[in-house]
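Asks: Sharing a structure here in structure tokens format.
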Amino acid sequence: MAIEITLLGTGSPIPDPLRAGPSTLVRAGGQTLLVDCGRGVLQRAAAVGVGPNALDALLLTHLHSDHIADLGDVIISRWVTTFTEQVPLPIIGPPGTAEVVSATLKAFGFDIGYRIAHHADLNEPPPLEVSEHVDGQVWNRGGVSITARPTDHRPVEPTIGFRVSFEGNSVVLAGDTVPCSGLDELARGADALVHTVIREDLVEQIPMQRLRDICDYHSSVQQAGATAQRAGVGTLVLTHYVPALVPGQEDQWRALAAEEFDGRIELGDDLLQVTVG
């Protein structure tokens, strides 16, 4: 059976009027999984007909601000738009996730209190199930299995990638990372690898050291291609472009990946959909 990937947000930490923050929707076996929740994620999800109350789980690759900017919006919006019995939202991420979620609920404490006081059918805060992982199976429901492996985005650590499998097909969400053995293992033989990328040739021209520093802990387009080639991936899906992917430059980015990877390469704007299997 097929697995559908939708790039909800392909942007970077720098606000972009055309690109939401890093976030990817994966649909498999009737389940809807959100991977990371950058700025604008719910607007993008709405554009493909997915409301916050339709999410079966939220997966966080790491706790960098651009990947969790709309965590509070996802939690609160799911809570207030669920009109049937409230089912806890599973939030799966690396160690530190529970502390971030707890702080988010505290930040929205006044809002939560107002809504409970005003609506008779909201009688408790948003129900959540938070679990922290570094390695191993993190989900096994309805034929959909999810495995996590450690990645390398130091000094941000720990960071993890996810492999979503369903009836013989699999998709890997790398998150932010440089090439590493954990990602190689996770991606081995996958039908698709969704990988964040930077153009080192363009970033190195920026006259600001803080921005050039990102080359230290992100994969270049070529490195993402090499990872996909080593792992024997079927399709490489590029996202989280730094600097922003400019219309008309798609062939340039694709050619850089093709220097290392001889499979199918997909990249594009927010809401790009890729189906495997």
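Asks: Looking only at the range 236-275, which residues are farther than 13 Å from T24 by Cβ, among the aliphatic types (A, V, I, L, M) and surrounded by fewer than 18 Cβ atoms within 10 Å (Cβ to Cβ)?
Replies: A244, V246, A255, A258 - these are the residues of the range 236-275 that are farther than 13 Å from T24 by Cβ, among the aliphatic types (A, V, I, L, M) and surrounded by fewer than 18 Cβ atoms within 10 Å (Cβ to Cβ).
Asks: Still on this model: From the list R78, R141, R154, R149, exactly one residue is at pLDDT below 95 and among the basic types (K, R). Which is it?
Replies: Values: R78 fails: at pLDDT below 95; R141 fails: at pLDDT below 95; R149 fails: at pLDDT below 95.
Result of the check over R78, R141, R154, R149: R154.
Asks: Taking the range 2-22 as the search range and keeping residues that are hydrophobic (A, V, I, L, M, F, W, C) and touching a Leu at 6+ places or on another chain (Cβ under 7 Å), which one is farthest from F162 (Cα to Cα)?
Replies: Narrowing the range 2-22 to residues hydrophobic (A, V, I, L, M, F, W, C): 2-3, 5, 7-8, 14, 18, 20.
Now restrict to residues that are touching a Leu at 6+ places or on another chain (Cβ under 7 Å): 7-8, 20.
Details: L7: 15, L8: 17, A20: 21 Å.
Filtering the range 2-22 for residues that are hydrophobic (A, V, I, L, M, F, W, C) and touching a Leu at 6+ places or on another chain (Cβ under 7 Å), the one farthest from F162 (Cα to Cα) comes out as A20.
Asks: Here is a further query. Among D36, D56, D16, which is the only one that is over 22 Å from T97 (Cα atoms) and of a type outside the set (G, A, S)?
Replies: Working: D36 fails: over 22 Å from T97 (Cα atoms); D56 fails: over 22 Å from T97 (Cα atoms).
Only one candidate passes the filter, namely D16.
Asks: On to the next question. Please work out which residue is farthest from the chain's Cα centre (by Cα), limiting yourself to the range 9-34 and to residues that are part of a strand (DSSP E or B), surrounded by 21 or more Cβ atoms within 10 Å (Cβ to Cβ) and free of Cβ contacts under 8 Å to residues at least 60 places away in the same chain.
Replies: Step by step, filter the range 9-34, then rank; the result is R27.
Asks: Does the range 71-93 hold any residues that are in a loop (DSSP other than H, G, I, E, B) and either surrounded by 22 or more Cβ atoms within 10 Å (Cβ to Cβ) or among the polar types (S, T, N, Q) (or both), and which are they? Write out each step before concluding.
Replies: Here is the first cut: in the range 71-93, the residues in a loop (DSSP other than H, G, I, E, B) are 81-88.
Within the range 71-93, T81, T82, T84, Q86 meet the criteria.
Asks: With a cut-off of at least 1 residues that are within 26 Å of R188 (Cα to Cα) and hydroxyl-bearing (S, T, Y), name the strands (runs of 3 or more DSSP E) lying wholly within the range 232-277.
Replies: Details: elements: 235-242, 264-266, 272-276.
Here the list reads 235-242, 272-276.
Asks: Just give me the residues in the range 129-144 being of a type in the set (D, E) and either over 17 Å from the mean Cα position of the chain (by Cα) or part of a loop (DSSP other than H, G, I, E, B) (or both), in sequence order. Let's see the steps before the verdict.
Replies: Going residue by residue through the range 129-144, those that are of a type in the set (D, E) are 129, 132, 135.
Matches in the range 129-144: E129, D135.
Asks: If we scan the range 176-196, do we find a residue that is within 17 Å of G234 (Cβ to Cβ), assigned to a strand (DSSP E or B) and without any contact (Cβ under 8 Å) to a residue 60 or more places away in the chain?
Replies: Yes.
Asks: I've got another one for you. Being modelled with pLDDT under 95 and aliphatic (A, V, I, L, M) is the filter here, so list the residues in the range 220-275 that pass it.
Replies: Once the filter is applied, which keeps residues that are modelled with pLDDT under 95 and aliphatic (A, V, I, L, M), the range 220-275 yields V242, A244, L245, V246.
Asks: Check A98 against each of (1) of a type in the set (A, V, I, L, M, F, W, C); (2) under 25 Å from E157 (Cα atoms); (3) without any contact (Cβ under 8 Å) to a residue 40 or more places away in the chain; (4) touching a helix residue (DSSP H, G or I) at 6+ places or on another chain (Cβ under 7 Å) and name the one condition it does not meet.
Replies: (4)
Asks: In the range 35-70, how many residues are surrounded by fewer than 23 Cβ atoms within 10 Å (Cβ to Cβ), assigned to a helix (DSSP H, G or I), free of Cβ contacts under 8 Å to residues at least 60 places away in the same chain and of a type in the set (G, A, S)?
Replies: Count: 3.
Asks: Let me ask something else about it. Restricting the range 94-133 to residues that are closer than 19 Å to A148 by Cα and out of contact with any Pro (no Cβ under 9 Å at 6 or more places or on another chain), which is surrounded by the most Cβ atoms within 10 Å (Cβ to Cβ)?
Replies: Top of the filtered list is T97.
Asks: May I ask you to list pairs of residues, at least six apart or on different chains, whose Cβ atoms are under 6 Å apart, with the first in the range 114-130 being touching a residue at least 40 places away in the same chain (Cβ under 8 Å) and over 26 Å from P94 (Cα atoms) and the second being among the aliphatic types (A, V, I, L, M) and not in a loop (DSSP other than H, G, I, E, B)?
Replies: L122/I116
The values are calculated or read from the model by the stated rules, or taken from the named source; none is laboratory data. Everything numeric in this text was worked out from a predicted model, so none of it was measured. With ideal geometry, Cβ positions are generated from the backbone for all residues, glycine too; neighbour counts draw on all protein chains shown.
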